[in-house]
Amino acid sequence: MIEQSRGDTENSRPKSDVVIIGGCGRVGLPLGIALAARGMLSVTLYDIDRAAVETVNRGELPFLEAGAAEPLRESVRDGLLRATTDAASVATTENLIVVVGTPVDEHLNPDLGAVPRALERCAEYLRGGQLVMLRSTVHPGVTALTERLLERLGTTVDVAFCPERIAEGAAMTELFELPQLVAARSQRAGDRAEKFFRTLTDKIVRMEPEEAELAKLFANTWRYIKFATVNQFWMMANDFGLDFERIRHAMTYEYPRASDMPGAGFAAGPCLLKDTLQLAAFTGNNFVLGHAAILVNEGLPLYLVSRLERRFPLSDTRVGVLGMGFKAGSDDVRESLSFKLRRILMAKARETLCTDPYVSDPRFVDLDEVMRRADVLVIATPHRDYRNLVTDKPVVDLWGITGRGVRA
Ligand SMILES: NC(=O)c1ccc[n+]([C@@H]2O[C@H](COP(=O)([O-])OP(=O)(O)OC[C@H]3O[C@@H](n4cnc5c(N)ncnc54)[C@H](O)[C@@H]3O)[C@@H](O)[C@H]2O)c1
């Protein structure tokens, strides 16, 4: 660990072993906590979100992340982890990680500039000899774009692309268990990034930057297409009057070639759709499989409502939507299809009552009220809280968490 020096020559800021740009986000914060708590590194989280920075400096998580609360509290208490909105903190380290968000825009185009812009914003604090590790999920070519930008700025830094591959909610185990992809154009940059990530894991896979950019996008898109496949199977079985979960069970039971088949459900969240769209843009919008998967997955809420319309007089029906987070146990609502479902129902049903134990939103009501007032219940997010619902009202459960079948 680099010794903390209160009297940094230029700006009296403490030195850090690593500064994470975008460090108070869903990915940056668990990474920072892991590096501080397990790696015993001194970590600075630089972020433009003042509220998140203040929350972290109080030793509190701004969002749910299993197993992260205690090590965060301890790391802040022990002075190993601090958050700041001060861009000059970037100058206090040899090791920089960039993990800002890389969303698609309102027209579904990827923004190739998100990562370079984040570095440009703190360009005056970059120092020669630093190692800049890009960790956001990026459109292919962004590492090269960033390298060119840094060259133009006249900074001689090493650049590596080391994508984050954790699933939200599992970061505090996966950061230590998943192999880390390390990609760089120069041997020295690769060696430095490898040495850095050995703080977390011994499993390192060295690659070229463009290979790693595609590896990350292919992995997310592969998952998204798998979900689309089962969602389409579910619709086929459902239209045929059959319970897809019984078919899936038969297919996967002691049958290794289908054993990784997921169940049906909303394929949502901040990454899978966005990264499929990044690949679609990369292939000149000619990604037939990817676009088909988007049609299926994004069309699922509308399909569900069309099924409800067949079974119930919707304009006279109060529909309860259980779960607004994008996945089980999560308070993250980014790209949650529950909201799409809500929007469609609000145009068609007598009333739409939404609830979620992890997400607070003034538009939502508590579960008891939904259970009391709704005529039909739709499990939109498979929170474990809904596994043992006691009700004689109709429940639509395409996830199959209640064991009542998945027909809609
Ligand atoms: N969320 C996931 O499960 C997950 C998993 C793997 C990879 N990723 C990728 O990681 C990246 C980050 O995702 P996330 O979910 O953590 O996003 P996020 O929005 O939760 O976090 C990004 C953080 O960056 C901060 N930020 C934005 N611009 C900044 C700037 N110029 N300087 C400093 N801070 C800035 C934001 O305030 C925010 O706190 C994305 O590329 C995403 O695709 C996400």
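The values are calculated or read from the model by the stated rules, or taken from the named source; none is laboratory data. All figures in this text were calculated on a predicted structure; none of them were measured in a lab. Virtual Cβ from ideal backbone geometry, glycine too; neighbours counted across all protein chains shown.
Examine the range 189-212 for a residue that is part of a helix (DSSP H, G or I), in contact (Cβ under 8 Å) with a residue 12 or more places away in the chain, out of contact with any strand residue (DSSP E or B) (no Cβ under 6 Å at 6 or more places or on another chain) and over 22 Å from residue 295 (Cα atoms), and state whether such a residue exists. Yes, there is a match, as at least one residue in the range 189-212 is part of a helix (DSSP H, G or I), in contact (Cβ under 8 Å) with a residue 12 or more places away in the chain, out of contact with any strand residue (DSSP E or B) (no Cβ under 6 Å at 6 or more places or on another chain) and over 22 Å from residue 295 (Cα atoms).
Taken residue by residue, the range 58-67 has no member that is more than 11 Å from the ligand (Cβ to nearest atom), under 24 Å from residue 115 (Cβ atoms) and in contact with a helix residue (DSSP H, G or I) (Cβ under 6 Å, 6 or more places away or on another chain).
Across the range 91-139, the number of residues qualifying as within 18 Å of residue 272 (Cα to Cα), surrounded by fewer than 18 Cβ atoms within 10 Å (Cβ to Cβ) and without any contact (Cβ under 8 Å) to a residue 40 or more places away in the chain comes to 4.
Can you give me the number of residues within the range 90-117 that are near the ligand (Cβ under 10 Å from one of its atoms) and out of contact with any Gly (no Cβ under 6 Å at 6 or more places or on another chain)?
8
Of the residues that make up the range 50-60, is at least one surrounded by fewer than 24 Cβ atoms within 10 Å (Cβ to Cβ), of a type in the set (Lys, Arg) and at pLDDT below 95? Within the range 50-60, not a single residue is surrounded by fewer than 24 Cβ atoms within 10 Å (Cβ to Cβ), of a type in the set (Lys, Arg) and at pLDDT below 95. Of all residues in the range 360-377, those satisfying the criterion of being out of contact with any Ser or Thr (no Cβ under 8 Å at 6 or more places or on another chain) and under 24 Å from residue 64 (Cα atoms) are 360, 361, 362, 363, 368. Kindly indicate whether any position in the range 328-340 is in contact with a Ser or Thr (Cβ under 7 Å, 6 or more places away or on another chain), farther than 23 Å from residue 231 by Cα and crowded, with 18+ Cβ neighbours inside 10 Å. The answer is no, given that none of the residues of the range 328-340 is in contact with a Ser or Thr (Cβ under 7 Å, 6 or more places away or on another chain), farther than 23 Å from residue 231 by Cα and crowded, with 18+ Cβ neighbours inside 10 Å.
Please go through the range 371-387 and give me each residue that is farther than 15 Å from residue 357 by Cα and in a loop (DSSP other than H, G, I, E, B), ordered by number. Matches in the range 371-387: 374, 375.
Taking the range 283-336 on its own, how many of its residues are among the aliphatic types (A, V, I, L, M) and within 16 Å of the ligand (Cβ to nearest atom)? Residues meeting the conditions: 2. Of all residues in the range 58-100, those satisfying the criterion of being in contact with a strand residue (DSSP E or B) (Cβ under 8 Å, 6 or more places away or on another chain) and over 18 Å from residue 17 (Cβ atoms) are 85, 87, 100. The residues on offer are 232, 278, and the sole one that is surrounded by fewer than 20 Cβ atoms within 10 Å (Cβ to Cβ), in contact (Cβ under 8 Å) with a residue 12 or more places away in the chain and either outside any loop (DSSP other than H, G, I, E, B) or away from the ligand (no atom under 16 Å from the Cβ) (or both) is 232. The set of residues in the range 63-84 that are surrounded by 19 or more Cβ atoms within 10 Å (Cβ to Cβ) and in a loop (DSSP other than H, G, I, E, B) comprises 65, 68, 80. Total residues in the range 15-29 satisfying the condition of being assigned to a strand (DSSP E or B) and either among the basic types (Lys, Arg) or within 10 Å of residue 97 (Cβ to Cβ) (or both): the figure is 4. Would you call residue 353 more than 22 Å from the chain's Cα centre (by Cα) and surrounded by 14 or more Cβ atoms within 10 Å (Cβ to Cβ)? For residue 353, the condition - more than 22 Å from the chain's Cα centre (by Cα) and surrounded by 14 or more Cβ atoms within 10 Å (Cβ to Cβ) - is met.
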